[in-house]
Amino acid sequence: MLSRRLFRTPLTWIAITVLAAGSAFGLYWFQPWKLLTDAEVAERLTTVATPASSAAPASSATPTNSATPASPAGPDAATATLVSSGDFISHEHDTSGSARIVRTADGQHRLELVGLDTSNGPDLRVWLTDQPVIEGRDGWHVFDDGRWVELGRLKGNRGDQGYAIPGDVELSDLTSVSIWCKRFAVSFGAAALG
């Protein structure tokens, strides 16, 4: 009888409504199911020309096993060149793989994430930034402090993927890449480009 009387009071229905709305908002905001799912991407990566001389620094390793030709092979085939590259370090979530900027045969720039492996999450973006990559908790929140360019939503938390860099973007002072969670203003992982 007490439970019947309890459900007849307006205060009970207000409390139930607030609890339901809060739960729905919490599920939307945090999207906890993304921690249990992966989005895998396997895009074609650009074949990068290896210079005859060692003009590229030794630290800019170019993955060869996952790159596939972007243009037909042949003596006259134009090739892409490596502009900069670096390996991801973990921030808020374990992150591995590498990032590289390539200049394609037609003169366009493209950011490629090679072998990316990170957690899935809500509202993940790919950012080029002018901030240094700092290990540990001190590096989690720095990327929105300076200049940054958003290249788009992260296509998948695993695999190879590429992002066009707009032609008006000045790359000289953009020295890092961040997998940025826009909703919580935190970096999942980042790579210094050198």
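Each residue of region 133-150 was assigned a 3J(HN,Hα) from its phi angle through the Karplus curve 6.51 cos²θ - 1.76 cosθ + 1.60 (θ = phi - 60°); the sequence is 8, 10, 6, x, 4, 4, x, 5, 10, 7, 6, 9, 7, x, 8, 8, 10, 8 Hz, with glycine and proline shown as x.
Our analysis of region 92-177 gives Rg over Rh at 0.95, with the two radii drawn from alpha carbon positions and Rh computed by the Kirkwood formula.
Site pair Glu135 and Glu43 shows an inter-label distance of 3.0 nm when each label is modelled 7 Å from Cα along Cα→Cβ.
Packing here is the average count of other Cβ atoms within 10 Å per residue, and on that basis the peptides 108-116, 152-160, highest first, run 108-116, 152-160.
Just so you know, all these numbers are worked out from the coordinates, no wet-lab data involved. Just so it is clear, the structure is predicted and the values come from calculations on it, not from any experiment. Quick reminder, even Gly has a Cβ in these numbers, built from the backbone with ideal geometry, and neighbours come from all protein chains shown.
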